[in-house]
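Have a look at the structure below, then the notes.
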Amino acid sequence: MTRPRLLDLFCCEGGAAVGYHRAGFDVVGVDIEHQTRYPYEFHQGDAMTWPLDGFDAVHASPPCQDHSALSTLHAKHGTAWMLHATIERLTAWGGPWVVENVEGADMPGSLTLCGSEFGLTARTQDGKVRLLKRHRRFVSNVLLMGAGGCHCSASRGRIVGVYGDGGGGAMTRGYKGDLAESREVMGMPWASRHGVSQAIPPAYTQFIGEQVLAHLAVPA
Ligand SMILES: C[S@@+](CC[C@H](N)C(=O)[O-])C[C@H]1O[C@@H](n2cnc3c(N)ncnc32)[C@H](O)[C@@H]1O
């Protein structure tokens, strides 16, 4: 039986891709950088102009740096425009689409998911089992149900964050996962330090992908 095809724009090393594949999609990724760790069919190219024809659904994760809390501390990257331009383009395309970004992004009507809703944990070097705190926003033209509610604020002292390209351990912002801890808690054993810090955990997109598949199964 053929599986529906999902185009994964701004795919990086494929955190989102693996979740959609587990949900039941065949996945094709596009990124401006060459991605040697992406686990499915990959094309290097510009996601802002990549053809959308022939796909049953599209996911996009435009660059988040200019929407994150840290962007007020560092220079802007000039990529903030891509988020709304992508939503406009996918709306005009008309098929089922999902766009993801960070908590600081202006995404009215978005659904926020957190690792604590999916029981994503890692045993860290200090001997604790820590929950992933990772809030990501999703907007879609498919009605998306939530996952039950984040409980990371009730788990203070047992949280791990995944960000940046180096270091790990107890930091002023809380406990930061090293590479092994980050791979474990994100569920991405194939990823580099950079790839895991950029990614959506596959558990989030499996949850969303199952809802998009259910939407595709309903006759128009
Ligand atoms: C936040 S990461 C995506 C993470 C991915 N969804 C995952 O779950 O692993 C954003 C990616 O967008 C890519 N990118 C930036 N500008 C792009 C463009 N114009 N076209 C395609 N990819 C681009 C970056 O190279 C980076 O890999």
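Any read-out appearing in this document is the output of simple, stated calculations on the displayed coordinates, not a laboratory observation. Keep in mind that this is a model prediction, so the values were computed, not measured. Cβ placement follows ideal geometry from the backbone for every residue including glycine, while neighbour counts extend to all protein chains displayed.
For Val160, nonlocal amide neighbours, meaning residues 5 or more places apart or on other chains whose placed amide H falls under 5 Å from its own, are Leu131, Leu132, Lys133. Across segment 41-54, rounded Karplus estimates of 3J(HN,Hα) from the backbone phi angles (6.51 cos²θ - 1.76 cosθ + 1.60, θ = phi - 60°) give 4, 10, 10, 8, x, 8, 5, 6, 10, 4, x, 9, 4, x Hz, Gly and Pro being marked x. Each residue of segment 99-111 is assigned a 3J(HN,Hα), and the resulting list reads 10, 10, 7, 7, 4, x, 6, 7, 9, x, x, 7, 9 Hz, derived from the Karplus form 6.51 cos²θ - 1.76 cosθ + 1.60 (θ = phi - 60°), x at Gly and Pro. Database note for the chain: Cys without another Cys beta carbon under 4.7 angstrom, Cys11, Cys12, Cys64, Cys152. When the chain is described by a simple charge dipole with +1 on each Lys and Arg Cβ and -1 on each Asp and Glu Cβ, the residue from Ala105, Leu6, Gly54 located farthest towards its positive end is Ala105. Summarising the amide proton neighbourhood of Gly29: residues at separation of 5 or more, or on other chains, whose placed amide H is nearer than 5 Å comprise Asp8, Glu41, Phe42, His43.
Order the peptides 170-177, 138-145 from the highest to the lowest mean number of other Cβ atoms within 10 Å of their residues.
Numbers: 170-177: 14.9, 138-145: 16.6.
Output ranking for 170-177, 138-145: 138-145, 170-177.
When the Cα positions of Val185, Gly95, Gly19 are compared along the charge dipole of the chain, Val185 comes out farthest toward the positive end, with charges on each C-beta of Lys, Arg, Asp and Glu. If you run the Gaussian network model on the chain, springs between alpha carbon atoms under 10 Å, then out of Pro62, Pro202, Pro189 the most flexible one is Pro189.
Helix-only estimate, please: 222 nm mean residue ellipticity of the chain, summing -39500 (n - 2.57) across DSSP H runs of length 4 or more and dividing by its residues, to the nearest 500.
Working: 5 runs with 52 residues, N = 220.
Calculated at 222 nm, the ellipticity per residue is -7000 deg cm²/dmol.
Within the chain, antiparallel bridges make up roughly 40 percent of the DSSP beta bridges whose residues both belong there.
Using only side-chain charges placed at the Cβ, +1 for Lys and Arg and -1 for Asp and Glu, the dipole size of segment 5-217 relative to its Cα centre rounds to 920 debye.
So for segment 135-220, what are the equivalent ellipsoid semi-axes in whole Å, largest first, each being the square root of 5 times an eigenvalue of the Cα gyration tensor? Write down the numbers at each step before the final one.
On the way: eigenvalues 179, 51, 18 Å².
That gives 30, 16, 10 Å for the three semi-axes.
For segment 5-217, take the convex hull of the Cα atoms, compute a quarter of its surface area, and give me that in nm², please. Numbers along the way, then the final one.
Numbers: hull surface 45.1 nm².
Average projection, Cα convex hull of segment 5-217: 11.3 nm².
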